[in-house]
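What follows is calculated from the coordinates using simple rules that are stated; it is not laboratory data. On a predicted model such as this, the values are computed, not experimentally measured, just so you know. Every residue, glycine among them, receives a Cβ derived from its backbone with ideal geometry; neighbour counts consider all protein chains shown.
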């Protein structure tokens, strides 16, 4: 019997001695600490990759309301009402003071009138007055989801075309 209490016939005492010798030759580092280092560095790398994807999306300026299916059309609309400042809640439930702009528009096929509203912060540089012409982007499917896409002053007519465009 060896000092570990295991008979030398089974060879376990020699294996234990080999493991201790290998660890001591490696400068005292064990396999557990090396694996822990790999896991920590891998986790940190994963965090960096996720952060890079988030920054990429923000810099690309992806709009959450834009439809990826290509079923969005744009038309002219007219501001019919401006309310504000209004004290209320935003869509996420946060209390806010905002100016609400309500726009009436017709689809390019002559359907309508439809209304779309947008809330702007009170201190916003974007200002609308009753009668202003705006671009409205809307979903051609039902129910219609629309959003204000900007301001225009050069579109000659509102709503559907007066004549079919020549091909």
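What to note about this one:
- The residues 75, 127, when put in order of fewest to most other Cβ atoms within 10 Å, stand as 127, 75.
- Simple spin-label estimate for residue 127 and residue 80 gives 2.5 nm between the two label positions (7 Å along the Cα-to-Cβ direction from each Cα).
- Residue list for the stretch 106-120, given a label point 7 angstrom along the Cα-to-Cβ vector of residue 90 and an amide N cut-off under 19 Å: 117-120
- When you count the other C-beta atoms within 10 angstrom of each residue and take the mean per peptide, 100-110, 39-49, 78-88 line up highest first as 100-110, 78-88, 39-49.
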